[in-house]
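Chemist: If you scroll down you'll find the structure; I have some questions about it.
Derivation of every value follows stated rules applied to the coordinates shown; laboratory data play no part. Worth saying up front: this structure is predicted, and the values here are computed from it rather than measured. Note that each Cβ is placed from the backbone with ideal geometry, even for glycine, and that neighbours are counted across all protein chains shown.
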């Protein structure tokens, strides 16, 4: 299993295709959720994915503070091979990337409510009531350096 961490400007066309295909397969097709997948935020992001024998198995992107929230953020989290720990491993790498590349001491996410426990397991805490985003229940969650070991 190989961890890849690349800024958008360093992705090749094949990597970008794998990423967009996985995101559309999960969020648009599987979850039956038409939404603006190409939101312009990828350009400022670091893209992280786990690859096994050339196959993308999990993905997320890390955005700098000010791109979506006042804090750095993590989004588009997906795993194509579920219940194997890939999303959790990638979230930990995403937190490290936000800290190393953007100097983040806080990271905000919009989590699908059903996955809240996954985010809690790496130190995120709920900061909002549940709301609908593109017809799917979500909550905002925050990771802070000083809460990470609570």
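Chemist: Which order results if 124, 131 are arranged by neighbouring Cβ count within 10 Å, fewest first?
Modeler: Neighbour counts put them in this order, fewest first: 131, 124.
Chemist: Please compute one quarter of the surface area of the Cα convex hull for segment 2-147 and express it in square nanometres.
Modeler: Over every viewing direction, the Cα hull of segment 2-147 projects on average to 8.2 nm².
Chemist: From the square roots a ≥ b ≥ c of the eigenvalues of the alpha-carbon gyration tensor of segment 85-143, which class results: rounded (a/c under 1.5), prolate (a/b over b/c), or oblate?
Modeler: Here segment 85-143 falls in the prolate category.
Chemist: Starting from the Cα gyration tensor of segment 1-74, take the square roots of the eigenvalues, sort them a ≥ b ≥ c, and report rounded, prolate or oblate (rounded when a/c is under 1.5, otherwise prolate if a/b is larger than b/c, else oblate).
Modeler: oblate
Chemist: Output the peptides 22-29, 36-43, 58-65, 106-113 sorted from most to least packed, where packing is the average of other Cβ atoms within 10 Å over each peptide's residues.
Modeler: 58-65, 106-113, 22-29, 36-43
Chemist: Find the relative contact order for segment 2-147 and round it to a whole percent, using C-alpha pairs within less than 8 Å whose residues are 6+ positions apart.
Modeler: Contact order relative to length: 18 percent.
Chemist: Sorting 10, 33 on the 10 Å Cβ count, fewest up front, what's the list?
Modeler: Starting with the residue having the fewest Cβ neighbours, the order is 10, 33.
Chemist: Helix-only mean residue ellipticity at 222 nm, the chain, DSSP H runs n ≥ 4 weighted -39,500 (n - 2.57), per residue, nearest 500. What is it?
Modeler: Here the helix-only value at 222 nm equals -6500 deg cm²/dmol.
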